[in-house]
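What follows is a single structure, written as structure tokens, with notes after it.
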Amino acid sequence: MTDDATPDLGTLLAARYVDAPRVDVATSRNGTLRGMAQRVSCRAFLDTAVPPGWVETLCAAALASPSKSDLQQRDIVVLQSPKVRQALAALVPGQPWVADAPMIAVFCGNNRRQRVLHEWHGVGFANDHLDAFFNATGDAAIALGAFVTAAEAMGLGCCPISAVRNEARAVSQLLDLPKYVFPFAGLALGFPAHAPRISQRLPLGVTCHIDRYCEDDLREAVQAYDDRRAVAQPYATQRAVQVFGEKDVYAWSDDKVRQYSQPERDTFGEYVRTQGFKLD
């Protein structure tokens, strides 16, 4: 949510990027762009329920977002029952804030409806390969992003829960997901307990390309980003110290390398296949 006290777009982008673009005066007070530029992950919520009807409205706004070829291969499972929310939270240990969220939704990819349509029309499904899974994943991701933008415009805080894929089979059982439907991510939402801090991003020169992909000076750019992040946003804890030990200066790239040095979701491909998808 933005108001007159919210910094202009240029200030918000400069807080994110060392090479933030210039913003013209007409654009600088655009409320939608300012809201998107100032968004942060919220993991601390007030003990206040999301007002009745808000979640349904947010679902409607999110599902109005683009969909590959209008196939609409995404679903949102809203966990209204506290019992079901606690059951989901138990499947993502190590993230206690999930259990404290006033509301949780799970965004799913859904290739099932498309296949059912083919059965109804008596027409063979000719694209039983990786792209069927990929299209549904993209649709779910687009809806999740749209939901977050809409929720934050209404003053709510959100944080995606990718860890639902750590226990994808158990989550599927909890939510009664049929074949060709799978959990993409959960989303915790509620009113923020405090204003979280804006996180710096990699320079646009690293992640935004013109005409062709380019990695020129990547190492130098990441090192400089590490240095800035270590000063502005130091990590409270270091990952896997039993393996790597403690570092005097622990930066973004250290954290990401340590995170993915440990096995994670190595059964997800098997789960996706048991849901009926072919990944070739």
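The values are calculated or read from the model by the stated rules, or taken from the named source; none is laboratory data. As the structure is a computational prediction, the values presented were derived from the model and not from experiment. In this analysis, Cβ positions are derived from the backbone assuming ideal geometry, glycine residues included, and neighbour counts consider all displayed protein chains.
In the set (1) within 27 Å of Q275 (Cα to Cα); (2) at pLDDT below 95, the condition left unmet by V106 is number (2).
When D75, D70 are checked against the criterion of being without any contact (Cβ under 8 Å) to a residue 24 or more places away in the chain and within 27 Å of F277 (Cα to Cα), D70 stands alone in meeting it. Just one of the listed residues (F268, F244, F277) is surrounded by 14 or more Cβ atoms within 10 Å (Cβ to Cβ), at pLDDT 95 or above, over 25 Å from the mean Cα position of the chain (by Cα) and not assigned by TED's automatic domain parsing to the domain that holds E167, namely F244.
A residue that is in contact with a Gly (Cβ under 9 Å, 6 or more places away or on another chain), surrounded by 13 or more Cβ atoms within 10 Å (Cβ to Cβ) and in a strand (DSSP E or B) cannot be found anywhere in segment 113-136.
Taking the criterion of being without any contact (Cβ under 8 Å) to a residue 12 or more places away in the chain, surrounded by 11 or more Cβ atoms within 10 Å (Cβ to Cβ) and under 24 Å from the mean Cα position of the chain (by Cα), the residues of segment 247-265 that qualify are K256, V257.
Listed residues L33, L12; which is free of Cβ contacts under 8 Å to residues at least 40 places away in the same chain and surrounded by 15 or more Cβ atoms within 10 Å (Cβ to Cβ)? Can you show your working first?
Values: L12 fails: free of Cβ contacts under 8 Å to residues at least 40 places away in the same chain.
Only one candidate passes the filter, namely L33.
Here is a check on your reading of the model: is A87 over 26 Å from A195 (Cα atoms), surrounded by 18 or more Cβ atoms within 10 Å (Cβ to Cβ) and over 15 Å from the mean Cα position of the chain (by Cα)?
On the way: over 26 Å from A195 (Cα atoms): yes; surrounded by 18 or more Cβ atoms within 10 Å (Cβ to Cβ): no; over 15 Å from the mean Cα position of the chain (by Cα): yes.
Here the answer is no, as A87 does not meet what is asked.
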